[in-house]
Each structure stands twice: as C-alpha cells, then as structure tokens.
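Written out below as structure tokens is the structure these notes cover.
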Amino acid sequence: MADNLPSEFEVVVLGTGLPESIVAAACARSGQRVLHVDSRNYYGGNWASFSFSGLLSWIKENQQKTDLGDECEDWKKMILEDEEAIPLSRKDKTIQHVEDFCFGDQDSAEGVEEAGALPKLPVLGASGAKEVSPGSEKECPEPESPRLEPESREPEQATGTEPAGATQGNGAGTTSGSESSPGESTLELGQTEAAPSETPAQEPKKITYSQIVREGRRFNIDLVSKLLFSRGLLIDLLIKSNVSRYAEFKNATRILAFREGKVEQVPCSRADVFNSRQLTMVEKRMLMKFLTFCLDYEQHPEEYQDHESSTFAQFLQTRKLTPSLQHFILHSIAMVSETESRTLEGLQATKKFLQCLGRYGNTPFLFPLYGQGEIPQCFCRLCAVFGGIYCLRHPVRCLVVDKASGRCKAIVDHFGQRISANYFIVEDSYLSESTCTRVCYRQISRAVLITDQSVLNTDPEQQVSILTVPPVELGKPAICVIELCSSTMTCMKDTYLVHLTCPSTQTAREDLEPVVQKLFNVNAEKETENEELEKPRVLWAVYFNMRDSSGVEKNSYSGLPPNVYVCSGPDSALGNDCAVKQAETIFKEMFPAEEFCPPPPNPEDIIYDEDEIEPEESGLSNSAETKPESSTEESSGGGAAAVTKE
C-alpha cells in the first residue's frame, strides 16, 4: 500500500512524463533506489494517450474551474524547526481553453456503453492505464509491425535477455501469436504491409457518434502529437537501452504538402523523385542537385556563407528553384518557419531529414503503435524491472528543505508520510505559482479530430501521413498535421485520427479552426454543399492549449534547492530530442560517473550468488529447459519483425 512505502530512496521522481520516465529508468538501471509517483491516475502526464471515454473524462476534468483547497494541513507538522517547506501545486494548470464538438447526433449515444469496458467503480479515473503495462486493456487486432533491436544481437539472444515477468501483459511488445506460425519469416522495418488488391472506389461508411462511443477502446488518443526521427536521439536511446522490446512501430508512409488549396504527396527518396508525375524532368534534376548539396553542405561553405543572415526561404530563391520545389523543401522537408528560420537552420533541418530517409522506410519517421503515450510507459517498465517503485494517485504536498545546507531532504505525501532522498526530479506542473512567478511560459495549440476518410485518398488506404500547412496569415506559425489510420491502433476501423499542432498565438480553436475548415467538412450532414462532399467529414473534435515549459532555465524558478531538478512538459517540435537531451543532462549532473541508460547485461555474463541459485534448483524460477520454449513463442508472436540497427 502507498502508506507503507519505504522512507528512504536515492532518487524521488514526481510525474511520469517522458523526461521524468527516462531519468527514472536511467537511475534504476545504474543501481539507484527510485520512487516514481504521480498525482494523476494514469501514466504519462501531458504525454499520455487515452481511450475515447478516457479522453471525455479528461476533457470534463480540465473544463472544471474549481480549485482544490488544502483540506488537510497535517503534513505541516512533519516540518522541523531547522527546515522549511516548499509547497507544491494541488491542481494541474497546464491545460486551458478546452472545447469539444460533436458533428453527429450526440443524443443517439445516450445509454450506449463502451464495448468491453469494465464495470464502473468509484476509484476509476480518466484513463485505463492503471499498471505499468499499457496493453492490458487494449482489444485490437494483432498488427504486423516492426521492432527496433540492436544490430549485434540475434533474436534468440534478444528474447532471452528480457527480465522475468517483463513480458507479462506487454501490449506494446510482441503481439500474441494466435494468427501466425513459428515458421513465418520476419520482415524488415518499412516492409511490414503488403499493398492490398485494388478495389473499386466506395463511398465512406457513415460513422455515428454512438459507434465511436461503443468502439471507444479502439481509440488511443495522444495529448501531444509527435513522430520519431529514424536517426533521432529517442530511437538511438530505445535501441541502446533495449527499451525498444517493449514497443512496436509503424512507418509514416507519406509526406504531404498543401499548395494552392490542394493536398498532394511530396517525393522524398530518389525513387519517389524520379517516379513523380507532378514534377517535370528539369524540376527533378533541380531537386536532386539541391538535396545532394544539403547532405554535405558543410563541405561547401562558399555556397551559403553570403546568405547566413538571410532566411532559408530567401536562400532557396537564390538557388534557381521553381516555386513548387521551394514550397516542398521549405514546408515538407526542412519543415522550418518561412519568416524566422535562418539559412543554416534550414540546411541543418534538411540534412537531418535526408539522413533519416531509408533507415526503416521511405520517410524519416516512425510512429509507436497504440500512441505516443506508450513511450513513457516503456521507460517506466524498465525502471520497474530494475527495482523502481511506482505509485499513481499519490499527491505530494511539499518539498522539505534543510535551512543550513539549502538542500532538499525529503518530500511529504498526502498521507503525511515523510520520504527522504538525495535527489528529486519534479515535473514543471507540480511547482506552485509562487515558485514560478518569474517563469514566462509559451503555449501549444492542439486539436484532435476523428474523421471518416483521409485528406488524400490513395490505394492502399492505411496510411500514416504528415502534412505541414503554411501560415494562413503573415506572422502566424505553420501548422503540423499528422493523420493516423486504424492500423496504428489509435482509432476504430473506417475512421482516421488527425492531430493538429502549432505554437500558440491565440486560443487553440482560433489558431487551428481556419485550417480545419480548409481541409475538412465541418458542416452538419444536411447543410453540406457539393464542394464540401469531397472533403473528409469531421465526426468529433477537441481543441485545447497546452503549456510549453521547454527551454525554461532552472534559475527562473524561485527558491529551488540545487538537488531538485525540473523536467519540462512537451514542446511544439515534431521530434522528441528536447526530452531526451533534458533527461540525459539531469542524469549526468546527478551521477557524472555513471553511463546513461547502458545496454542490459548479457545473461551469460551474470554471476549468481549461491543463495540465488537455490530457488532455481527448487523449481521456483524458470529452468534452463523452459527458456528456449518461451523464446520461440515470443519471437514468433504476431509476425512482429526484428529490426536491426544499421
């Protein structure tokens, strides 16, 4: 029980977002005793994923303006005379301006229950994530998806090194083998789906709101929308630490552009460029020449030195590129601001894009099955495997600071228990307003749509697409649109989940609704005009603003002791590099002599004490005879492909 927690740890972590979870896993992996708590009743914080009913509960919770009073102040008795307390926030205030809309008959869903939902209990909250295992409640068809594993390890070795119990209830790892045989060959990443046979064009099926409610557990809706660069820091960390065994990934299959009021596909690889029908032969040569230059632009400084003070858009104009090529490069390849990004920033972004091509597929991006919220839980699982202790629904009242040394000594939780530690990791939303008076936060505008068809219908239909919409007005940010199909395990069949993200200038609805109206049909069915019929119809939508605390320096917070480290929430960037860099920086400051998330030990190198061997002989743990069977069973499950590091 939570009120019987040990009273001493090396590291206490408040919040289960991605940076905090990576730090917790790294600390546990290096042998530290870790306590990881969260006041919420789900993992991930603002990085979490929800079922549809879970998201509705989250919306209702964040639309309530009531502030929690301090109902009990018994914790103040735990503070000694030579100590002082830094109170922590009682309510998460990182989400604002939440507005949700149903574009169907909402009354028809009254009394409809979510298929497969557990009986409602008073203690249940917004999310189904009540354990470290994220897949225990997901009922989805088994996908054929790739896994990321180190190059030097064979499949038998990779499965054999998994700690006992780590695969139990692992919905994000290999899928069950009920539909695949052990003899099935594994697939390389980027070759996971065979193109279905061509079928005659059909009208999209009519999806009602009651169907969405009934199939709500098929949805895994991310609060933050991101993709993983195939050569990004997060992929490298997943492979290095072997956390990739807890998750599966799907390729982002196409890059789209919005130009002259139309959505079109952008050629990325060399094959795409030369097979493209939308580019002339001259444009193909221009594009290939420029992309080749970007791959080693550092070797040719004379090409860009005179334009370093110019914007990247202005630099592109000097390269004799056609307007369509400039648009593709600026908005769909480099994905940088037209008015703010300088030449070097654009060249670096273009080079990163190109370097990520071809590692796992025709685009640079991967998406985790079941949503971005799986990634923090994967690192939480690693921490738990190495002895970390987890408690959800566990608010912490204050940090206890020693007046003489100025260092934080302990926390006091809502039970009044005092827990001591050497280091404390705190997610930004836990800090009170008095601590953050000098902090200037940015905001992120977010929208999530459920639609009935893709923004660009092609064969096959199961596409993961990324589209950058240029600013509607001068001075406004570009909007990143990520469209997910049902094979990502994030939405029900015959629907698409669309995420829109941009840095905020106004409320999320004011920032994003103009783009939604350009790309989608948001009218009621009876009011639809002929030109709107071709657009995907929005079935349901939610808009909200999320705090962006990335880039805030520690000295901006008032009165924080030197052994208290602050982790930020999600940023507006497409990738996860900021979270990984922050986690590694914090870990290195605490334990400079330790390696950050080292690879797991080889089972053959583990030396057991005599008293550890006895239980194995008595049959209390897996015997050597049972290991090959479990390895074979896991490696053949669900056709999941082993992906080697290049």
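The values are calculated or read from the model by the stated rules, or taken from the named source; none is laboratory data. Note that the coordinates shown come from a computational prediction; the quantities given were computed from them, not determined experimentally. Neighbour counts run over all protein chains shown; Cβ positions are idealised from the backbone, glycine included. All accessible areas refer to the heavy atoms of the entire protein, side chains included, with ligands and DNA or RNA removed. Shrake-Rupley method; radii C 1.70, N 1.55, O 1.52, S 1.80 Å.
What to note about this one:
- Computed from the alpha carbon atoms alone, the convex hull of region 341-390 holds 152 Å³ per residue.
- Projecting the Cα positions of Asn422, Pro395, Ser324 onto the charge dipole of region 314-465 (unit charges on Cβ atoms of Lys, Arg, Asp and Glu, taken about the Cα centre) puts Asn422 furthest along the positive direction.
- Rounded percent of accessible protein surface that carbon and sulfur make up, region 207-286, 1.4 Å probe: 49 percent
- Dimensions (Å) - region 219-303, Cα atoms, principal axes, largest first: 46, 38, 22
- Accessible surface ranking that places the most exposed of Met546, Met288 first, with a 1.4 angstrom probe: Met288, Met546
- Think of a 1.4 Å ball rolled over the protein heavy atoms: region 1-51 then has 24 Å² of accessible area per residue.
- Filtered trypsin sites (Lys or Arg not before Pro), region 371-433: DSSP coil and at most 16 other beta carbons within 10 Å: Arg393, Lys403, Arg407
- Placing unit charges on the Cβ atoms only, positive for Lys and Arg and negative for Asp and Glu, gives region 254-373 a dipole magnitude near 580 debye about its Cα centre.
- In this Cβ point-charge picture (+1 for Lys and Arg, -1 for Asp and Glu), region 234-283 has a dipole of about 140 debye about its Cα centre.
- The calculated FRET efficiency for Val439 paired with Leu474, based on their beta-carbon distance and R0 = 25 Å, is about 0.25.
- Electrostatic bookkeeping for Val263 treats Lys and Arg as +1 and Asp and Glu as -1; over the other residues with beta carbon under 12 Å from its beta carbon, the sum is +1.
- Three-way shape label, region 430-567, alpha-carbon gyration tensor, a/c 1.5: prolate
- Share of carbon and sulfur in the accessible heavy-atom surface of region 347-431 [1.4 Å probe, %]: 47 percent
- Spacing of the two label points (7 Å from each Cα toward its C-beta) at Ser556 and Lys93, in nm: 1.6 nm
- Summing Cβ point charges (Lys, Arg +1; Asp, Glu -1) relative to the Cα centre of region 341-456 gives a dipole of roughly 360 debye.
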